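Just so you know, all these numbers are worked out from the coordinates, no wet-lab data involved. Bear in mind that the values here come from a model prediction, so they are computed numbers and not experimental data. No Cβ is skipped: glycine too gets one built from the backbone with ideal geometry, and neighbour counts run over all protein chains shown.
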Amino acid sequence: MIRPRRTCVCRPVHLTTQTNVEMKFLTATATGLCFLSNVALAASPEGNWLSEDGGTKVHISTCAGNKLCARLVWLDHPVDPATGKPKTDKLNPDPAKRERPLIGLEVVHALAPNGPNTWSGLIYNADDGHTYKANLKVESEGIAKVKGCVLAVLCKTHTWTRAAN
């Protein structure tokens, strides 16, 4: 015996007002949690950072409102072998600044927020006595990329790692 096929008639499902409210609440909650988790993932640049070659440590802190500055706080080789004294800013183009000690010198100047986890400003390179346009991007809690540029086309990027205090 052959049974007749039943055809399924699909009926639209009408959500109740309570279900609509619950769905909107869940969607808003999920969106909020995603936003907060992204904010929480953004690592603060403040603190101590070790240079790519491990020879220099800087301390980044807030300055001039919401900007960032960094001071040189440690050198692997702090003594100038030629003089036997602490290293100074001897390559600075301003002769009046050549005797100032490198330890304590502000080398990152007024980096302003320039996007998510990114700041732009100036960086001083005591190795050649020049100041360059710079960008700092915190890539994770322990890694930051520092990019210095001349004429915005000749750039060099260094990786800094978070260091203990």
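Could you tell me which of rounded, prolate or oblate describes the range 47-162, using a ≥ b ≥ c as the square roots of the eigenvalues of the alpha-carbon gyration tensor, with rounded for a/c under 1.5 and, failing that, prolate when a/b is larger than b/c and oblate otherwise?
On the way: a/c = 1.79, a/b = 1.51, b/c = 1.18.
Taking the square roots of the gyration eigenvalues as a ≥ b ≥ c, the range 47-162 is prolate.
Collect residues whose amide H, placed 1.01 Å from N in the peptide plane, falls under 5 Å from the amide H of residue 80; neighbours closer than 5 in sequence don't count.
Under 5 Å from the amide H of residue 80: 85, 87.
Whole-Hz ³J(HN,Hα) for each residue in the range 55-68, computed from phi via Karplus 6.51 cos²θ - 1.76 cosθ + 1.60 with θ = phi - 60°, x for glycine and proline: what do you get?
x, 9, 10, 10, 10, 8, 9, 6, 8, 6, x, 9, 9, 10
Amide H of residue 43: which non-local residues (sequence gap of 5 or more, or other chain) have their own amide H closer than 5 Å, using H built in the peptide plane?
Distant-sequence amide H within range of residue 43: zero hits.
Near residue 132, within a Cβ-to-Cβ distance under 10 Å, what is the net charge of the other residues, with Lys and Arg +1 and Asp and Glu -1? Provide the component values of the computation, followed by the final result.
Values: positive: 133, 147, 156; negative: 128.
Net local charge, residue 132 excluded: +2.
What list of ³J(HN,Hα) couplings, whole Hz, do you get for the range 150-165 from phi and the Karplus terms 6.51, -1.76, 1.60, once you set θ to phi - 60° and write x for glycine and proline?
Per-residue couplings from phi come out as 10, 6, 6, 10, 9, 10, 9, 10, 10, 9, 9, 10, 5, 10, 5, 5 Hz.
What residues have an amide H closer than 5 Å to that of residue 105, excluding those fewer than 5 places away on the same chain, when H is modeled at 1.01 Å from N in the peptide plane?
The answer is 72.
List, in order, the whole-Hz ³J(HN,Hα) value for each residue of the range 101-113 obtained from phi through the Karplus relation with A = 6.51, B = -1.76, C = 1.60 and θ = phi - 60°; use x for Gly and Pro.
x, 5, 5, x, 6, 6, 10, 10, 10, 6, 6, 9, x
Lys pairs in the range 47-162, Cα-Cα under 13 Å, at least 8 apart or on separate chains: how many?
On the way: 87/97; 133/147; 133/156; 137/145; 137/147; 145/156; 147/156.
Eligible lysine pairs with Cα atoms under 13 Å apart amount to 7.
Net charge near residue 148: determine it from the other residues with C-beta under 9 Å of the C-beta of residue 148, scoring Lys and Arg +1 and Asp and Glu -1.
On the way: positive: 133, 147, 156; negative: none.
Net of charged neighbours comes to +3.
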